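What follows is one structure encoded as structure tokens, with my remarks underneath.
The values are calculated or read from the model by the stated rules, or taken from the named source; none is laboratory data. Every value quoted in this text rests on a predicted model; they were computed, and no experiment measured them. Positions of Cβ are backbone-derived with ideal geometry, glycine not excepted, and every protein chain shown enters the neighbour counts. What goes into the accessible areas is simple: the full protein's heavy atoms, side chains included, and nothing from ligands, DNA or RNA. Shrake-Rupley method; radii C 1.70, N 1.55, O 1.52, S 1.80 Å.
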Amino acid sequence: MNDKELTYGDFLQRLDIRDVLLDAGYRQNRRFGLRLPSFVRTDSEGRRIRGDKFIITQQGKCCLQPPRQKEYNVVSFIKEHPQLFAEYREGIDPNRLVNLVCSRLLNLPIEEREKLIVQPKQDIRPFDIADYVLYKFDPQDERTQKKIAPYFENRGIDFCTQQAFYRDFCLAVRRGADDTVHAHLVFPQTLPQNDGTVVGFEVQEHTSIDGNDKEMAEGNNPSKGLWIASPDRTPLSEAKHIYWFENAYNAMAYYQLHQAQHQELRKAVFVSTDGKPTERQMRGVLELTIPAMQHICFNNDREGWNFARKLQKETYRTVRSAIEETPERKPYLDSIPEGGDLDEGEFYLLPKGGLQESCIRFDAEREEAMSMRSSGLCAPEDVQEQMDTMRKCYREFREKLWDFLGIDKEHDVAMICEEADYRHTSWSAQLLAEQNREETISQESEKEEKTEQKRQTHFRR
């Protein structure tokens, strides 16, 4: 095979993950490497950056970053940590970056590409809700229900769920410049801090003569507005639970899947970013809702995982910005990486006499737990006991950290990541799959019942 035609499989076979880690600025942690090979990063003074460590697995083919157990190979590590490599540029295609980095490490020639300059769109009209004729869902009017029902049928969204969110969607009709009529199911977007003024539409479905939805989408401001909905009309600033999704259909599907077991979902607030979330969108919601539990429910795919990490970092930034910087706290706060959690600062900058010692103990117990779990040589009950010890030490450390930073549990980071079943990439896909499964079971049960009836009839004869 010609070197210019190398594939990802060739890169995985010919490169060791250790080579990639060294190129990314990590060095071998010899103190820990006797038990399990690991790589760490150091600061400008040569001190190890706490929490930034990768353990080598699968004989050098993969690595993981404790306490997370997700493994990275050569390709996935470069894609998910692009900023660590010299070839990274803002907006670079991840596949292109992998080829550039791996080709350099293998001393292969790199093909030069011409830069494509894309001209920005001109003369985009600002969004104006007066340009649309809106048909809202009325729980008491069967005519409006029938008009909107086809948009939900192929998504599996039932009538009860439509009723729960009926204030937060509508059918929007607009006549284009060429007299083409565009009809869409839309989800109105608002700004977190405003009075409910609609600043754009999240558009999911359209029907028009030529199938072109440019006219309907024109003027939306997705970088600012979000779809914000609550069945019980809970104000954003008073919500105890915030659920984040990539689109409104997924939010409604999640509600339908879980509402029977969790009646409190009616009081929660559901947020859709309409695809890729922006920092401005996230910050606007987080500044009003830090005391609430943030449920990150993005899609179960690479893009969704990237969105989740982005939201986590923005949550950390928001919590960090609310802490008062005193002379005693400032050195530690300044050592926290950009977008890092409160516990990711340098431990030696914490005050002694309890907090620093608590941090050191947790770090030691965590390394022991990760070593035991990764080695495969320890009994499951011993691993579980060590994991419990690690968690107890972390709770003690976190509580002491609250006291030092002058915050309480309510104003600390509170988030949980929820993903659809591993067989599905989104909550909408999971809802449809479960409905199809129930329908299949029902048909099989009906078929067995008819077969049994025939058998009984034949027996009587």
Which of the numbered conditions does GLU279 fail, given that it passes all the others? Conditions: (1) at pLDDT 90 or above; (2) open to solvent by 10 Å² or more (accessible area, probe 1.4 Å). (1)
Here are some conditions: (1) touching a helix residue (DSSP H, G or I) at 6+ places or on another chain (Cβ under 9 Å); (2) under 30 Å from TYR249 (Cβ atoms); (3) modelled with pLDDT of 90 or more. LEU333 meets all but one. Which one does it not meet? (2)
Looking at the range 51-99 only, could you name the residues that are hydrophobic (A, V, I, L, M, F, W, C), closer than 16 Å to TYR8 by Cβ and either surrounded by fewer than 17 Cβ atoms within 10 Å (Cβ to Cβ) or without any contact (Cβ under 8 Å) to a residue 40 or more places away in the chain (or both)? LEU97
Would you confirm, using the coordinates I've provided, whether ALA369 is closer than 20 Å to CYS393 by Cβ, open to solvent by 40 Å² or more (accessible area, probe 1.4 Å) and not aromatic (Phe, Trp, Tyr)? no
In the list ILE416, ILE323, ILE336, which residue meets the criterion of being in contact with an Asp or Glu (Cβ under 8 Å, 6 or more places away or on another chain) and closer than 29 Å to ASN306 by Cα? ILE336
Filter the range 238-292 down to the residues that are farther than 16 Å from SER428 by Cβ and part of a loop (DSSP other than H, G, I, E, B) and list them by number. ALA239, LYS240, ALA260, GLN261, HIS262, ALA268, LYS276, PRO277, THR278, ILE290, PRO291, ALA292
Could you say whether any residue in the range 342-352 is open to solvent by less than 20 Å² (accessible area, probe 1.4 Å), over 30 Å from PRO37 (Cα atoms) and part of a helix (DSSP H, G or I)? no
Criterion first (part of a helix (DSSP H, G or I) and without any contact (Cβ under 8 Å) to a residue 60 or more places away in the chain) does ASP363 satisfy it? no
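Out of the range 374-390, which residues are in a helix (DSSP H, G or I) and surrounded by 15 or more Cβ atoms within 10 Å (Cβ to Cβ)? Explain how you work it out, then say what you get.
Going through the range 374-390, the residues in a helix (DSSP H, G or I) turn out to be 374-375, 380-390.
Answer for the range 374-390, where residues must be in a helix (DSSP H, G or I) and surrounded by 15 or more Cβ atoms within 10 Å (Cβ to Cβ): SER374, VAL383, GLN386, MET387, THR389, MET390.
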Picked from the range 293-322 (must be surrounded by 17 or more Cβ atoms within 10 Å (Cβ to Cβ) and part of a loop (DSSP other than H, G, I, E, B)), the residue modelled with the lowest pLDDT is ASN300
Only residues that are assigned to a helix (DSSP H, G or I) and surrounded by 15 or more Cβ atoms within 10 Å (Cβ to Cβ): list them for the range 403-419, please. PHE404, LEU405, HIS411
What pairs can you find where one residue is in the range 132-160 and at positive phi and in contact (Cβ under 8 Å) with a residue 60 or more places away in the chain, the other is in a helix (DSSP H, G or I) and among the small types (Gly, Ala, Ser), and their Cβ atoms are less than 8 Å apart, with a gap of 6+ or different chains? GLY156/ALA253; GLY156/SER428
Show me the strands (runs of 3 or more DSSP E) found entirely inside the range 169-231 where at least 1 residues are within 22 Å of GLU279 (Cβ to Cβ) and either modelled with pLDDT under 85 or open to solvent by less than 50 Å² (accessible area, probe 1.4 Å) (or both). 181-190, 198-207, 227-229
Index of the failed condition, LEU12 passing every other in (1) open to solvent by 20 Å² or more (accessible area, probe 1.4 Å); (2) in a helix (DSSP H, G or I); (3) at pLDDT below 85: (3)
